[in-house]
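Below is one structure, written out as C-alpha cells, with a few remarks after it.
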Amino acid sequence: MSEDKKVIFSGMQPSGLITLGNYLGALNNWTKLQDEYNCLYCVVDLHAITVRQDPAKLRKASRDVLIQYIAAGIDPEKSILYYQSHVPQHAELSWILNCYTYMGELGRMTQFKEKSQKHTDNINAGLFTYPVLMASDILLYQTDLVPVGEDQRQHLEITRDIAGRFNAVYGDVFKIPEAYIGKAGARVMALQEPSKKMSKSDENKNNTIALLDEPSVIMNKFKKAVTDSENEVRFSEDKPGVSNLLSIYCAVTGKTLQQAEAEFANCGYGSFKTSVGEAVVSKLEPFQKKVAELEKNKDYIEKVVKEGSEKASYLAAKTLRKVHKKIGFIPR
Ligand code: TYM
C-alpha cells in the first residue's frame, strides 16, 4: 500500500443476493475510488450472523459477494479483498471498543430498532453491538473515507463518536473517518413499496433487483414497479415510485435528473419503465458474464482472499498494538 494515499474501507454483508441498491449505493462508487486511494473491501460475515443464517447458504453467499466485488470492477491488484472472519483483529478491537460505547447511544440506532422489531425471537447482544464491530472495521485501518449508502450514515456518526472518545482519553490513536455518500443511487427504494429501501433480505422478490437476476426477470420487475395515478415522468417527493425509477435511471446511465425528465417528457409510464429496465439490463450484462467466468476460477479467488487477508491482518495488527499499549495491556 502506498504511504501517501488516503485509506478507504467498506464492506457488505453476505446476508442474501446483492441488490441494485447495494450496487448503486456502494459497489459502483468503490470501483471508481481504487486508483486514488488505498482501498480495503471486506465481506463482513461476522456482521451477517447477527441474524440467524443457514451455514451452507452463508458460505455460498460469502463467496458470491467476493466474486461480485471483482466482477463489478474491484481489482485485487489495486485493492485488498478479504473475509472479515479471516482477520481476527476485527473482533478483538470490537471487544475493546464495546467498553468505550454507551448502551444509550446503541439503543438509538435505527437499524437496531428495525431489526429487533423484525426478528422479535432473536434480539441478541450482537445485534445491539453491531455498530461497535462496524466502528472497529473502519478504525482498524486508520480509514479516511467510507463509501456507503445513505442508510449507513448513522453508523458512521457513532464510529466518529467512539473514535473521538477514545482519542480524548489516550491521544491520537484513531483517524476520524468521513462518510462518502454518492449523489445518485444513495438510497434506492423497493420497487413495489417505494417508501422503504430496497433490501437484500426483503421477502417480496418483486421489490428488489438482484445483480444476478436474468434480463427477462429484471424487465418484468421494472414493468410491475409501482408508479402513481398521473402519467407524468417527473421527480417529486409526492411521486416516490416514479422518482425512484428516475434516480435508478440516472445512476445507471450517468445522466442528470433534468436530462432524464426531458427525455421522458412525452412518454407514458409503460415505455418509461421499459427504458429504465433496459438501461439496468445493459449495465449488468458485462457484470453477469464476468461473474460466470470467475465462478469457474476457484483457485484464483482463493489466492485473492489469502493475500488480501494477510495484507489486512498486517495493517490491522499495527493499529491493535498501538491500542493495547495505550490501554495498558502487557506487550505480547
Ligand atoms: P449492507 O450489507 O446492508 O449494504 C452494503 C452497502 O449497500 C448500501 N445499501 C444501499 N444503498 C442504496 N440504496 C439501498 N437500498 C441500499 N441498501 C444497502 C449500504 O449503505 C452499504 O454501503 N453495516 C453495513 C456493512 C458494514 C460496513 C462496515 C460498511 C459492516 N462494516 C464498515 C462500511 C464500513 C451493512 O449492513 O451494509
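General remarks:
- Top-ranked residue of the range 216-242 - restricted to ones that are open to solvent by 80 Å² or more (accessible area, probe 1.4 Å) and part of a helix (DSSP H, G or I), ranked as farthest from PRO286 (Cα to Cα): LYS224
- For the range 269-306, the candidate set comprises residues that are of a type in the set (Lys, Arg) and at pLDDT 95 or above; within that set, the residue that is farthest from ASP45 (Cα to Cα) is LYS273.
- Yes/no for ASP137 being of a type in the set (Asp, Glu) and more than 11 Å from the ligand (Cβ to nearest atom): no
- Meets criteria (within 16 Å of the ligand (Cβ to nearest atom), part of a loop (DSSP other than H, G, I, E, B) and not assigned by TED's automatic domain parsing to the domain that holds THR143) for SER195: yes
- Qualifying residue in the range 243-261 (condition: outside any helix (DSSP H, G or I) and open to solvent by less than 50 Å² (accessible area, probe 1.4 Å)): no
- Listing of strands (runs of 3 or more DSSP E) fully contained in the range 1-110 that carry 2 or more residues being within 13 Å of the ligand (Cβ to nearest atom) and open to solvent by less than 10 Å² (accessible area, probe 1.4 Å): 7-12, 38-43
The values are calculated or read from the model by the stated rules, or taken from the named source; none is laboratory data. Bear in mind that the values here come from a model prediction, so they are computed numbers and not experimental data. Quick reminder, even Gly has a Cβ in these numbers, built from the backbone with ideal geometry, and neighbours come from all protein chains shown. For the accessible areas, the whole protein counts, side chains as well, though only heavy atoms, and no ligand, DNA or RNA atoms are used. Shrake-Rupley method; radii C 1.70, N 1.55, O 1.52, S 1.80 Å.
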